[in-house]
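Asker: Here's a structure for you.
The values are calculated or read from the model by the stated rules, or taken from the named source; none is laboratory data. Note that the structure is predicted; figures quoted are calculated from it, not measured. Backbone-built Cβ (ideal geometry, glycine too); neighbour counts: all protein chains shown. Side chains included, ligands, DNA and RNA excluded: accessible areas come from the protein's heavy atoms. Shrake-Rupley method; radii C 1.70, N 1.55, O 1.52, S 1.80 Å.
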Amino acid sequence: MTSETTTSRFPTGFLWGASTAPHQNEGNNTTSDFWALEQLPGSSFAERSGDALDFYHRWKEDVDLVKSLGLTAFRFGIEWARVEPTRGHFAKAELAHYRRIIDYCLSVGVDPVITLHHFTSPLWFAQAGGWGSDGAVDRFGDYVAAVAPILEGVTWVATINEPNMFAVMFQMSTPLQYPDPAAVMVQINESMAPVNGEAGINAFTMPEPESIPTQVMIAAHERARAILREKTSVKVGWTIAVQGLVARPGFESELARYQWVWEDVFLEASKDDDWVGVQSYTSQLVGPNGLEGAPEGADLTQTGWAYRPDALGLALRHTWEATGGTPMLVTENGIATADDQQRIDYTTGALEGLAEVLRDGLDVRGYLHWTLMDNFEWVHGYEKTFGLIAVDRTTFARNPKRSAYWLGEVARTNGSGIRS
Ligand code: BGC
């Protein structure tokens, strides 16, 4: 073994953790737009989120698990629909609930990484026109201002999760503005149908983000950042889906165009942030027909994405270049698979890429795996399993997989077993 392979590239204090999102874990998020969409006849959700993993009540057990595994960071979200269940009513009890989770994380030495918006919004907001309405940025700003006081002592706050995916997805809630939402939903779902015959939300196979929704996301982020900087001492960022896009030879200018609309316009908006979250799962080619789906014969994960552990390195390098050097946190990276050894192999490959990025001097502050527990994978329901921990959805018992102990060991040794 050379010293290359034994020396950890990971700086002291590097964060090792796992990520979650409120709607996918808490359960019974009944005042949100997604909850309403899930109940519609003909809904595109394979099943309803329902009780999810009951994280809303079991958060302490889950933070204890994170801690006992050896992880040092835990990403969770604050659910706007709970904090402001009707317009202008900011529920003190809900704010206190989230503050208890923050306090507990801080007391056991787990760094909370907090997301303020992870795809879901309050139902009242969606019914009043949602993100496409004139007052959207103001409404979001009111919510952020209400949350600011509970963020004392927190370092990492993400304003909006994957604005580049959400700029396309947010029209999913448009039907809720109409008296017959189910009928409107059919049309909207058709307009969001994957391009290039590929399945699925969360890969760049949807129609690309348009300029107005993109500008709304950026304006909402900038508003939230200004409020948080005025009222708190947190480090502000947002988390971007970065796809590790690569040009087929001769299609470099097409690549640059796709990169701009899907990623760089959002990454540019991170130039003045304290950090940027990088979320990486796979890599896609850009060729004569634009963005390509997984190549013929590629090894596919449960979500139909090509198995590409090397995508994380590509995503980090691209983010660094496009932001001009904003410090990065990996806020999501993982794989939907029923084969836990494949999860370990994928994550090993991704961490090797990360170690190389660190070797080259790029500033990465931590790695948070997606996701802590098998959870509600949006339109796919509960069948696709990204978790380090399995959950019995009747008893809610948590059963860590081998990958959870493995990642805990990587964390405890600060990545000393990861080659670079
Ligand atoms: C989202 C998560 C999602 C994950 C896997 C990301 O786009 O932030 O909520 O579960 O990808 O699809």
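Asker: Looking only at the stretch 173-184, which residues are open to solvent by 10 Å² or more (accessible area, probe 1.4 Å) and either at pLDDT below 85 or within 24 Å of GLN215 (Cα to Cα) (or both)? Before the answer, list the steps.
Answerer: Looking only at the stretch 173-184, we keep the residues that are open to solvent by 10 Å² or more (accessible area, probe 1.4 Å), and these are 173-174, 176-184.
SER173, THR174, LEU176, GLN177 - these are the residues of the stretch 173-184 that are open to solvent by 10 Å² or more (accessible area, probe 1.4 Å) and either at pLDDT below 85 or within 24 Å of GLN215 (Cα to Cα) (or both).
Asker: Only one of THR303, THR385 is open to solvent by 20 Å² or more (accessible area, probe 1.4 Å) and either within 14 Å of the ligand (Cβ to nearest atom) or of a type in the set (A, V, I, L, M) (or both); which?
Answerer: It is THR385.
Asker: Across the stretch 107-150, which residue is farthest from the ligand (Cβ to nearest atom) among those that are aliphatic (A, V, I, L, M) and outside any helix (DSSP H, G or I)?
Answerer: Here the answer is ALA128.
Asker: Same structure again: Say we look at the stretch 266-298 and pick out the residues that are within 18 Å of the chain's Cα centre (by Cα) and among the β-branched types (Val, Ile, Thr); which of these is nearest to ALA315 (Cα to Cα)?
Answerer: Filtering the stretch 266-298 for residues that are within 18 Å of the chain's Cα centre (by Cα) and among the β-branched types (Val, Ile, Thr), the one nearest to ALA315 (Cα to Cα) comes out as VAL278.
Asker: Looking for whichever is aliphatic (A, V, I, L, M), away from the ligand (no atom under 16 Å from the Cβ) and open to solvent by less than 20 Å² (accessible area, probe 1.4 Å) here; the options are ALA241, ALA220, ALA226. Which one fits?
Answerer: After ruling out the rest, the residue left standing is ALA220.
Asker: How do the pairs read when you match residues in the stretch 117-142 that are over 14 Å from PRO163 (Cβ atoms) and open to solvent by less than 30 Å² (accessible area, probe 1.4 Å) with residues anywhere that are away from the ligand (no atom under 16 Å from the Cβ) and charged (D, E, K, R), using Cβ under 8 Å and keeping only pairs 6 or more apart or on different chains?
Answerer: Between residues of the stretch 117-142 that are over 14 Å from PRO163 (Cβ atoms) and open to solvent by less than 30 Å² (accessible area, probe 1.4 Å) and residues that are away from the ligand (no atom under 16 Å from the Cβ) and charged (D, E, K, R), the close pairs are PRO122/GLU84; PRO122/ARG87; PHE125/ARG87; PHE125/ARG139; GLY141/ARG223.
Asker: Would it be correct to say that VAL410 is β-branched (Val, Ile, Thr) and closer than 19 Å to PHE45 by Cβ? Talk me through it step by step, then tell me what you get.
Answerer: Working: β-branched (Val, Ile, Thr): yes; closer than 19 Å to PHE45 by Cβ: no.
So VAL410 fails the test.
Matching residues to (1) of a type outside the set (A, V, I, L, M); (2) open to solvent by 20 Å² or more (accessible area, probe 1.4 Å); (3) over 20 Å from PHE14 (Cβ atoms); (4) in contact (Cβ under 8 Å) with a residue 60 or more places away in the chain:
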position	(1), (2), (3), (4)
TYR307	yes, yes, yes, no
MET328	no, no, no, no
LEU351	no, no, no, yes
TRP378	yes, no, yes, yes
ALA397	no, yes, yes, no
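Asker: Given the conditions (1) open to solvent by 20 Å² or more (accessible area, probe 1.4 Å); (2) closer than 20 Å to VAL63 by Cβ; (3) aliphatic (A, V, I, L, M), and given that LEU362 satisfies all but one, which numbered condition is not satisfied?
Answerer: Only one criterion in (1) open to solvent by 20 Å² or more (accessible area, probe 1.4 Å); (2) closer than 20 Å to VAL63 by Cβ; (3) aliphatic (A, V, I, L, M) is unmet by LEU362, namely (2).
Asker: For the stretch 80-103, what are the residues that are acidic (Asp, Glu) and in contact with a strand residue (DSSP E or B) (Cβ under 7 Å, 6 or more places away or on another chain)?
Answerer: Passing the criteria: only GLU84.
Asker: Next question, about the same structure. Can you tell me how many residues within the stretch 260-283 are open to solvent by 20 Å² or more (accessible area, probe 1.4 Å) and touching a strand residue (DSSP E or B) at 6+ places or on another chain (Cβ under 6 Å)?
Answerer: 1
Asker: Give the residues of the stretch 293-307 that are in a loop (DSSP other than H, G, I, E, B) and out of contact with any His (no Cβ under 9 Å at 6 or more places or on another chain), sorted by residue number.
Answerer: Result: GLY293, ALA294, PRO295, GLU296, GLY297, ALA298, ASP299, THR301, GLY304, TRP305, TYR307.
Asker: To continue, here is another question. Anything in the stretch 266-284 that is free of Cβ contacts under 8 Å to residues at least 60 places away in the same chain, part of a helix (DSSP H, G or I) and either in contact with a His (Cβ under 7 Å, 6 or more places away or on another chain) or under 29 Å from ALA336 (Cα atoms) (or both)? List them, or say none.
Answerer: LEU267
Asker: TYR346 - would you say it is under 30 Å from SER44 (Cα atoms) and hydroxyl-bearing (Ser, Thr, Tyr)?
Answerer: For TYR346, the condition - under 30 Å from SER44 (Cα atoms) and hydroxyl-bearing (Ser, Thr, Tyr) - is met.
Asker: Being under 19 Å from the mean Cα position of the chain (by Cα) and of a type in the set (S, T, N, Q) narrows it down to one residue among THR301, THR348; which is it?
Answerer: That would be THR301, the only listed residue that is under 19 Å from the mean Cα position of the chain (by Cα) and of a type in the set (S, T, N, Q).
Asker: Moving on to the next point. For the stretch 9-88, which fully contained helices (runs of 4 or more DSSP H) count at least 3 residues that are over 30 Å from ASP363 (Cβ atoms) and not hydroxyl-bearing (Ser, Thr, Tyr)?
Answerer: Ranges flagged: 33-39, 55-69, 80-83.
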